[in-house]
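Peer 1: Structure below; questions to follow.
The values are calculated or read from the model by the stated rules, or taken from the named source; none is laboratory data. In this text, all values refer to a predicted model and were calculated from it rather than measured experimentally. Using ideal geometry, Cβ is built from the backbone for each residue, glycine included, and neighbour counts are taken over all protein chains shown.
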Amino acid sequence: MATDLLVISAHAADYVWRGGGTIARYVQMGKSVQIIALSYGERGESAELWKSGKTLDEVKAIRRSESQKAADILGAPIRFMDWDDYPLAVDDARLLELVRIIRNARPVAILTHGKHDPFNPDHETTAAKVHQASVLAISHGVLPDIPVAKQVRLFGFEHHQPELSEFHPDIVVDISEAFELKKEAMNCFQAQKHLIEYYTMRAFIRGNHARRISGQGEYRYAEAFMRYYPLVAGELL
């Protein structure tokens with residue numbers, strides 16, 4: 001059975017900041033969602049935990065616990081790869097593991113990082129490797145023991161500094177009915193409290209864009225994403 005939405009996140013919190021509302025909205029609509037966290041963000045995104053004197057193992061345990069709680073709030077299962085971060089390295093073996101994940105999930109859409117993030121190389125690595133894996137997943141000569149997947153719709157998150165990340169929104173998703181769940185999930189990550197206010201404001205701003213573009217006055221909060229491929233259709237939608 002195909003997964004409706006596969007979310008592949010470089011670190012343990014990225015999927016919440018950048019796509020938590022969309023994940024929760026999918027779940028609310030009865031669609032299947034899977035989350036993959038490639039690392040815990042233990043080195044690059046846990047400064048407050050290190051400042052408090054935590055060890056590496058303690059930081060990982062805290063981040064895993066926070067991320068699991070957030071995923072439970074959003075209503076989606078999560079798998080932790082523990083591939084380390086800063087730098088996040090995806091060699092050929094790990095690339096093939098991503099191919100396996102995609103083929104087994106058979107997603108309709110993949111939500112991951114946008115291609116450019118000048119402030120976080122792990123995000124760019126994840127974007128490149130997920131894109132590559134999605135192409136390999138439809139190639140019959142790669143891992144021939146696993147049935148190939150179909151070409152998947154691939155979307156990139158809006159990064160923290162969209163103006164500096166070459167981010168141009170191609171789709172804006174209304175998350176008004178799921179925003180409180182996103183907010184609750186964001187509050188799980190105490191090492192990154194500064195991002196809670198930022199992504200609350202960002203959802204409000206994108207909600208304004210959603211109202212203006214669609215004419216739907218009830219849209220209050222939204223998330224934006226950028227397509228990896230053009231929309232292909234039989235007519236202008």
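Peer 1: Out of segment 197-221, which residues are surrounded by 17 or more Cβ atoms within 10 Å (Cβ to Cβ) and hydrophobic (A, V, I, L, M, F, W, C)?
Peer 2: Residues satisfying the conditions are A203, A210.
Peer 1: Find all pairs meeting these conditions: Cβ atoms under 6 angstrom apart; at least six residues apart or on different chains; first residue within segment 5-34 and under 13 Å from E180 (Cα atoms); second residue part of a loop (DSSP other than H, G, I, E, B).
Peer 2: G21/I175; I23/A76; R25/I175
Peer 1: Name every residue in segment 185-237 that is part of a helix (DSSP H, G or I) and in contact with a Ser or Thr (Cβ under 6 Å, 6 or more places away or on another chain), in order of residue number.
Peer 2: Step one: list which residues in segment 185-237 are part of a helix (DSSP H, G or I), which gives 185-186, 190-214.
Result: A191, single match.
Peer 1: Which is closer than 24 Å to E124 by Cβ and either surrounded by 24 or more Cβ atoms within 10 Å (Cβ to Cβ) or of a type outside the set (S, T, Y) (or both), of G30, G53, G21?
Peer 2: Details: G30 fails: closer than 24 Å to E124 by Cβ; G53 fails: closer than 24 Å to E124 by Cβ.
Of the residues listed, the single one that is closer than 24 Å to E124 by Cβ and either surrounded by 24 or more Cβ atoms within 10 Å (Cβ to Cβ) or of a type outside the set (S, T, Y) (or both) is G21.
Peer 1: Sort out which residues of segment 35-50 are of a type outside the set (S, T, Y) and either at positive phi or touching a residue at least 24 places away in the same chain (Cβ under 8 Å) (or both), and write them in order of number. Steps first, answer last, please.
Peer 2: Start the filter on segment 35-50 by keeping residues that are of a type outside the set (S, T, Y), which leaves 35-38, 41-45, 47-50.
Within segment 35-50, I35, I36, A37, L38, G41, E42, R43, G44, E45, A47, E48, L49 meet the criteria.
Peer 1: Going through segment 81-94 one residue at a time, which ones are buried (at least 16 other Cβ atoms within 10 Å of the Cβ) and of a type in the set (A, V, I, L, M, F, W, C)?
Peer 2: Residues satisfying the conditions are M81, W83, L88, V90.
Peer 1: Given (1) more than 28 Å from E166 (Cα to Cα); (2) modelled with pLDDT of 95 or more, where does L49 come up short, assuming only one miss?
Peer 2: The single condition L49 does not satisfy is (2).
Peer 1: Could you say whether any residue in segment 2-17 is surrounded by fewer than 24 Cβ atoms within 10 Å (Cβ to Cβ) and of a type outside the set (A, V, I, L, M, F, W, C)? Full working, then the answer.
Peer 2: So the first thing to find is which residues in segment 2-17 are surrounded by fewer than 24 Cβ atoms within 10 Å (Cβ to Cβ), and the list is 2-4.
Then drop every residue that is not of a type outside the set (A, V, I, L, M, F, W, C), which leaves 3-4.
Checking segment 2-17: at least one residue is surrounded by fewer than 24 Cβ atoms within 10 Å (Cβ to Cβ) and of a type outside the set (A, V, I, L, M, F, W, C).
Peer 1: I would also like to ask the following. What pairs come out if I take residues in segment 180-199 that are hydroxyl-bearing (S, T, Y) and pair them with residues that are in a helix (DSSP H, G or I) and modelled with pLDDT of 90 or more whose C-beta lies under 6 Å away, six or more apart or interchain?
Peer 2: Y199/W17
Peer 1: Being assigned to a helix (DSSP H, G or I) and modelled with pLDDT under 95 is the filter; apply it to segment 147-184 and report the residue that is nearest to the chain's Cα centre (by Cα). Talk me through it step by step, then tell me what you get.
Peer 2: Pass one, segment 147-184, residues assigned to a helix (DSSP H, G or I): 162-164, 176-184.
Still in the list and also modelled with pLDDT under 95: 162-164.
Working: P162: 15, E163: 19, L164: 19 Å.
Restricting to residues being assigned to a helix (DSSP H, G or I) and modelled with pLDDT under 95, the top hit is P162.
Peer 1: Applying the selection to segment 1-37, what residues are small (G, A, S) and within 26 Å of P147 (Cβ to Cβ)?
Peer 2: First, pick out the residues of segment 1-37 that are small (G, A, S): 2, 9-10, 12-13, 19-21, 24, 30, 32, 37.
The answer is A2, S9, G30, S32, A37.
Peer 1: Taking segment 15-50 only, how many residues are farther than 21 Å from H194 by Cα, hydroxyl-bearing (S, T, Y) and not in a helix (DSSP H, G or I)?
Peer 2: Residues meeting the conditions: 1.
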